[in-house]
Amino acid sequence: MDDRNDTGSQLQRKQTLAEKLSRSLREAIVSGDIEPGTVLTEVPLAQLVGSSRVPVRSALQDLMAEGLIHRAGAHGYIVGPSGVEPIRVPLAQSLARLSILHEPRINFAWQTLYDDVEQKVVHRSFFGRTRINEHELARRYGVGRTVARDVLSRLETLGMIEKDEASRWSVVPLDERRILELYELREHLEPAALAGALERLTSDEISAMTARLADGASRYPEISAAEMYDLEVDLHVTCVQRTNNRELAKALQRTHCLLTLSKHTVGTKVEKLPREAFFDEHAAVFAAIKLGDPDKTEEAMRTHIRSSVAGVVARAEMVRLEGTTEPASFFG
């Protein structure tokens, strides 16, 4: 009886995922977030959403029945009607805005170890370039090489590590020069990206983010670094990544390592400030967004980014002055 109940629960769970995946893909195709010609194949899509092929196949068949995609090969589909020229780009890039990928419901295999690895990599980045051994990383956490590679690929997307010509991974140093260069990039691109996202942000979303920000400000300094990071993500990731310029969104992903710097240092490696200015600065940006004014939105965002530079440089220097690196068997 128990086995039958377990099997039934698993089937129901898979069907629920199929329905949600179908909805998420449908919305992205209709809105244009997934371009005509995008190639969808079962195995890579299943890996991306952390599931078996069964719910993925079901979702794709639903979309094909609706005429939103057409079959291309035994396990592949192309977005749009028959005859559309295929677009050959990485699936993770094509589906970057797929809503289901940002729902906490999905339990990716790599997520169970990602935060711990990220913390170690961020701290190590203050002390110069260091090699990462993919095999040792997998062995350290008792996972397969594919899972370890998924973790490293995520870190690479966020600008924390990179791979050389020989496919060897290494931590990218987060020294003062790089911090300043990344902030210069953000100052040029983020305000424009946010202004280009205004039509894609709903008043309900901005109200919810503003409420979370006000709640965090009211509890500071008792608010955790993880909660502060989530507030940063609201503005600098969720809002900015809604821009209608995909190249801007992609370029800005490599600056996200600056957000993780504070996530893994404030309140642990570095004491919290008596007052955190970003609460008021974020509130000013959200106020401009609510007005729907691109110029005021850009100005408020640019002001916030410029005022953040000195604090982040100082935090990184304080960690370096501590003089110890994060120990891990997969470094070096």
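The values are calculated or read from the model by the stated rules, or taken from the named source; none is laboratory data. This is a predicted model, so every value here is computed, not measured. No Cβ is skipped: glycine too gets one built from the backbone with ideal geometry, and neighbour counts run over all protein chains shown. We work out accessible area using only protein heavy atoms, side chains counted, and drop any ligands, DNA or RNA first. Shrake-Rupley method; radii C 1.70, N 1.55, O 1.52, S 1.80 Å.
Before moving on, here are some points about what is shown:
- Top-ranked residue in the range 90-122 [being surrounded by 13 or more Cβ atoms within 10 Å (Cβ to Cβ) and in a loop (DSSP other than H, G, I, E, B); ranked as modelled with the highest pLDDT]: 95
- Here is the figure for the range 153-185: residues that are of a type outside the set (Asp, Glu), surrounded by fewer than 18 Cβ atoms within 10 Å (Cβ to Cβ) and more than 15 Å from residue 313 (Cα to Cα) total 8.
- Taking the numbered list (1) in a helix (DSSP H, G or I); (2) open to solvent by less than 50 Å² (accessible area, probe 1.4 Å); (3) of a type in the set (Gly, Ala, Ser) in turn, residue 211 passes all entries but (2).
- For the criterion of being in contact with a helix residue (DSSP H, G or I) (Cβ under 7 Å, 6 or more places away or on another chain) and at pLDDT below 90, residue 197 fails.
- In this structure, residue 299 qualifies as more than 21 Å from residue 159 (Cα to Cα) and either of a type in the set (Ser, Thr, Tyr) or open to solvent by 20 Å² or more (accessible area, probe 1.4 Å) (or both).
- Restricting the range 186-199 to residues that are under 18 Å from the mean Cα position of the chain (by Cα) and in a helix (DSSP H, G or I) leaves a set whose member that is surrounded by the most Cβ atoms within 10 Å (Cβ to Cβ) is 194.
- Count of the range 267-284 residues which are closer than 14 Å to residue 308 by Cα and either open to solvent by less than 60 Å² (accessible area, probe 1.4 Å) or among the acidic types (Asp, Glu) (or both): 7
- Just one of the listed residues (7, 41) is at pLDDT below 70 and of a type in the set (Ser, Thr, Tyr), and it is 7.
- Evaluation of residue 125 against (1) at pLDDT below 80; (2) within 21 Å of the chain's Cα centre (by Cα) (one fails), failing number: (1)
- Residue that is nearest to the chain's Cα centre (by Cα), among those in the range 234-244 that are crowded, with 17+ Cβ neighbours inside 10 Å and part of a helix (DSSP H, G or I): 237
- Scanning the range 249-266 for residues that are open to solvent by 20 Å² or more (accessible area, probe 1.4 Å) and of a type in the set (A, V, I, L, M) returns a single hit, 251.
- Residues satisfying the stated conditions in the range 277-309, i.e. closer than 22 Å to residue 123 by Cβ and touching a residue at least 60 places away in the same chain (Cβ under 8 Å): 308, 309
- Where a residue in the range 54-73 is touching a residue at least 12 places away in the same chain (Cβ under 8 Å) and of a type in the set (Ser, Thr, Tyr) and its partner, wherever it lies, is open to solvent by less than 30 Å² (accessible area, probe 1.4 Å) and assigned to a loop (DSSP other than H, G, I, E, B), with Cβ under 6 Å and at least six apart: none
- Neighbours by Cβ (under 7 Å, 6+ apart or cross-chain): first from the range 210-222, under 11 Å from residue 276 (Cα atoms) and touching a residue at least 60 places away in the same chain (Cβ under 8 Å); second among the charged types (D, E, K, R) and part of a helix (DSSP H, G or I): 216/227
- Unique match (being β-branched (Val, Ile, Thr), part of a loop (DSSP other than H, G, I, E, B) and at pLDDT below 95) among 206, 223: 223
- Scan the range 310-332 for residues that are under 15 Å from residue 127 (Cβ atoms), open to solvent by less than 50 Å² (accessible area, probe 1.4 Å) and outside any loop (DSSP other than H, G, I, E, B) and the total you get is 4.
- Qualifying residue in the range 125-143 (condition: open to solvent by less than 60 Å² (accessible area, probe 1.4 Å), in contact with a strand residue (DSSP E or B) (Cβ under 6 Å, 6 or more places away or on another chain), closer than 23 Å to residue 312 by Cα and of a type outside the set (A, V, I, L, M)): yes
- The range 246-295 - residue that is in contact with a Leu (Cβ under 9 Å, 6 or more places away or on another chain) and outside any helix (DSSP H, G or I) and, of those, nearest to residue 207 (Cα to Cα): 292
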